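J.: Let me give you the structure first, and then I'll get to my questions.
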Amino acid sequence: MLDDPDISDDSILAVDNQEGITIMARIDEAGRNAVRDKLFTPGELLRQNQLAPDPEELRQQLSLL
């Protein structure tokens, strides 16, 4: 499913663990651009360990805790 070239960048969430807390957020700007410009599929980014959550969204979520 992640190798589908037609998957939209805004339909992908990345998961991270920060200090024992699991957080989900949209993928970071670089990942969104790569998927949007069809340079890579989300699956390719995942295999290259380049599918990361947006750091701003992570900061916002952590500040709410």
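No value in this document is a laboratory result; all are computed from the given coordinates. Predicted model, so just to flag it, every value in this text is computed and none were measured. As a convention, Cβ positions derive from the backbone with ideal geometry for all residues, glycine included, and neighbour counts pool all protein chains shown.
J.: Label the range 9-54 by shape, choosing from rounded, prolate and oblate, from the square roots a ≥ b ≥ c of the eigenvalues of the Cα gyration tensor; if a/c is under 1.5 it is rounded, and otherwise prolate applies when a/b is larger than b/c, oblate when it is not.
T.: It is prolate, given that a/c is not under 1.5 and a/b is the larger ratio.
J.: Step through the residues of the range 18-23 one at a time and calculate ³J(HN,Hα) from phi using the Karplus curve (6.51 cos²θ - 1.76 cosθ + 1.60, θ = phi - 60°), rounding each to whole Hz and writing x for Gly and Pro.
T.: Running phi through 6.51 cos²θ - 1.76 cosθ + 1.60 with θ = phi - 60° gives 10, 6, x, 10, 7, 10 Hz.
J.: As an exercise, identify the GluC sites (Glu not before Pro) in the chain lying in DSSP coil whose Cβ has no more than 15 other Cβ atoms within 10 Å.
T.: Hits after loop and neighbour filter: 19.
J.: For every helix of n ≥ 4 consecutive DSSP H residues, a contribution of -39,500 (n - 2.57) applies; sum these over the chain, divide by its total residues, and give [θ] at 222 nm rounded to the nearest 500 deg cm²/dmol.
T.: Rounded to the nearest 500, it is -9500 deg cm²/dmol.
J.: Percent relative contact order of the chain, based on C-alpha pairs within less than 8 angstrom and at least six residues apart?
T.: 37
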